[in-house]
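The values are calculated or read from the model by the stated rules, or taken from the named source; none is laboratory data. All figures in this text were calculated on a predicted structure; none of them were measured in a lab. Counting neighbours? That spans all protein chains shown, and the Cβs are built from the backbone with ideal geometry, glycine included. Ligands, DNA and RNA are stripped out before the accessible areas are found, and what is left, the full protein with its side chains, is counted by its heavy atoms. Shrake-Rupley method; radii C 1.70, N 1.55, O 1.52, S 1.80 Å.
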Amino acid sequence: MNKHKAIATPTKTKEILNKYGFSFKKSLGQNFIIDVNILTKILEKAEVTKEVGVIEIGPGMGALTEQIAIHAKQVVAFEIDQRLAPILEETLMEYDNVSIVYQDVLEADVASIILEHFEVGQKVKLVANLPYYVTTPILMKLLMARLPLASITVMIQKEVADRMAATPNTKSYGSLSIAVQYYTEASVVLHVPKTVFMPQPNVDSAVLHLEIRDKPLVEVNDEDFFFDLVRACFGQRRKTLRNNLVRHFTDEYTKEALEIKLQEANIDGTRRGESLSIQEFADLANVFSG
Ligand code: SAM
C-alpha cells in the first residue's frame, strides 16, 4: 500500500479542497477522514479481503474508498453530492475496481445495484463512514430490506453505536437495540477521536460492527406488532411494563386481560421494559398475535 499517497491525510485533503474550491456541507454530514491508520483499522474489523465485494455509502473525497479499493476485490459507493464527482474522478483514477453511484442511498434500489455489480455467490460487505444525520434511517433501511450482505461495519455517532449494541438493564438499551439485534449480532469495535476528521464533528464517534444473522434472533408471528409492542414497552422508561401496556392498549384490552397476557408469557408486569431480553419481548408479542 502506498501510504504516502493516501488521500486520508490533512495535507492531501487541504490540497484537494483548495484545488476544487470545495466547501463542506454540514447538512450532508460531511466530515472527512484525514488519518489512514483509522481507515485500515476499520477494514481490519470488517475483515475485508481480496475475495470480498464492498458497498460504501458516502465516499466524500474517496479517503475510505481508496483503502477499500486496495484491500477488497471491488467497491461500489453511493454518493448524494454531485459536486464530488470531478474530485472522485481524480482521486480514484488509478483504481479500476471502483464504481460510484450518484444517488441518495435512501432513495436507491440497493438490492438491484448489488445484483448488477456483484457476481452471484460473491461475499458482499458494507463499510462506511456514515453521514451522522441519517445513520438510523440508512441502517434500518438496509437491514429491513434483508439485503444479501454478510456484515456492516460503520463509523457512526458513539451514542447511537452504544444504543444499537446495548444489552438489557443498561441506559442505552431500547427499541433501537432490539430492532438492530433482531437482524444482527452487534458490537462496538472501536472508539474514534475527533481529531481524525476534517472538519471535526461535535459528537464522539465509534465503529459499529454488525454481523448479519441467517435468520432473525427470535421467531415472531407478526413483525410489525412485535416492534410496535417493543416501542410501547419503552414508552415511558420509568414506568412498569404493566403501566406502559395499559396505556398503549387502552382501547383494545382491559387491565385484567393484559395481566392474563403477561402471565401467559410468564413475565412479571412490575418489571420495567429495559429489563426484558429480546426473547422475552418475542414471547410477550406472540401471546397477543398467536
Ligand atoms: N467516506 C468519506 C470519508 O470517510 O472521508 C466521507 C464520509 S462523510 C462522514 C459522509 C458522506 O456521505 C459525505 O460525502 C456526504 O456527501 C455523503 N452523504 C450524505 N448523505 C447521503 C445520502 N443520503 N446518500 C449517499 N451519500 C450521502
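Quick check on I57: is it in the same structural domain as V134 (by TED's automatic domain parsing) and more than 8 Å from the ligand (Cβ to nearest atom)? First the steps, then the outcome.
Values: in the same structural domain as V134 (by TED's automatic domain parsing): yes; more than 8 Å from the ligand (Cβ to nearest atom): no.
No: the conditions fail for I57.
Kindly evaluate S187 against the criterion of being more than 24 Å from L241 (Cα to Cα) and out of contact with any Leu (no Cβ under 8 Å at 6 or more places or on another chain). Lay out the reasoning, then the answer.
Working: more than 24 Å from L241 (Cα to Cα): yes; out of contact with any Leu (no Cβ under 8 Å at 6 or more places or on another chain): no.
Against the criterion (more than 24 Å from L241 (Cα to Cα) and out of contact with any Leu (no Cβ under 8 Å at 6 or more places or on another chain)), S187 does not qualify.
Determine whether the range 31-45 contains at least one residue that is assigned by TED's automatic domain parsing to the domain that holds N129, without any contact (Cβ under 8 Å) to a residue 24 or more places away in the chain and either in a helix (DSSP H, G or I) or among the acidic types (D, E) (or both). Reasoning before the result, please.
So in the range 31-45, the residues assigned by TED's automatic domain parsing to the domain that holds N129 come out as 31-45.
From what is left, the residues that are without any contact (Cβ under 8 Å) to a residue 24 or more places away in the chain are 37, 44.
After this cut, where a residue has to be either in a helix (DSSP H, G or I) or among the acidic types (D, E) (or both) as well, the list is 37, 44.
Within the range 31-45, one or more residues are assigned by TED's automatic domain parsing to the domain that holds N129, without any contact (Cβ under 8 Å) to a residue 24 or more places away in the chain and either in a helix (DSSP H, G or I) or among the acidic types (D, E) (or both).
Yes/no per residue for (1) away from the ligand (no atom under 13 Å from the Cβ); (2) part of a helix (DSSP H, G or I); (3) touching a helix residue (DSSP H, G or I) at 6+ places or on another chain (Cβ under 9 Å):
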{"site": "A85", "(1), (2), (3)": "no, yes, no"}
{"site": "E89", "(1), (2), (3)": "yes, yes, no"}
{"site": "E107", "(1), (2), (3)": "no, no, no"}
{"site": "G121", "(1), (2), (3)": "yes, no, no"}
{"site": "A128", "(1), (2), (3)": "no, no, yes"}
{"site": "P137", "(1), (2), (3)": "no, yes, no"}
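Are there helices (runs of 4 or more DSSP H) fully within the range 199-266 with at least 1 residues that are touching a residue at least 40 places away in the same chain (Cβ under 8 Å)? List them. Please lay out each step first, then the result.
Values: elements: 223-233, 241-248, 255-264.
Output list reads 223-233.
Step by step: first the residues of the range 147-194, then only those that are open to solvent by 50 Å² or more (accessible area, probe 1.4 Å) and acidic (D, E), then the one that is nearest to E56 (Cα to Cα). Which residue is that?
Once the filter is applied, the top-ranked residue is E185.
Condition (residue is touching a strand residue (DSSP E or B) at 6+ places or on another chain (Cβ under 7 Å) and assigned to a helix (DSSP H, G or I)) applied to the range 169-180: is it met by at least one residue?
First, the residues of the range 169-180 that are touching a strand residue (DSSP E or B) at 6+ places or on another chain (Cβ under 7 Å): 180.
Then drop every residue that is not assigned to a helix (DSSP H, G or I), which leaves 180.
Within the range 169-180, one or more residues are touching a strand residue (DSSP E or B) at 6+ places or on another chain (Cβ under 7 Å) and assigned to a helix (DSSP H, G or I).
Report the residue count in the range 267-276 for those that are surrounded by 15 or more Cβ atoms within 10 Å (Cβ to Cβ) and either without any contact (Cβ under 8 Å) to a residue 60 or more places away in the chain or not hydrophobic (A, V, I, L, M, F, W, C) (or both).
Looking only at the range 267-276, we keep the residues that are surrounded by 15 or more Cβ atoms within 10 Å (Cβ to Cβ), and these are 267, 269, 271-274, 276.
Narrowing further to those that are either without any contact (Cβ under 8 Å) to a residue 60 or more places away in the chain or not hydrophobic (A, V, I, L, M, F, W, C) (or both): 267, 269, 271-274.
Count: 6.
Only one of A72, A77 is in the same structural domain as T153 (by TED's automatic domain parsing), at pLDDT 95 or above, buried (at least 19 other Cβ atoms within 10 Å of the Cβ) and away from the ligand (no atom under 11 Å from the Cβ); which?
Numbers: A77 fails: away from the ligand (no atom under 11 Å from the Cβ).
Within the list A72, A77, the selection yields A72.
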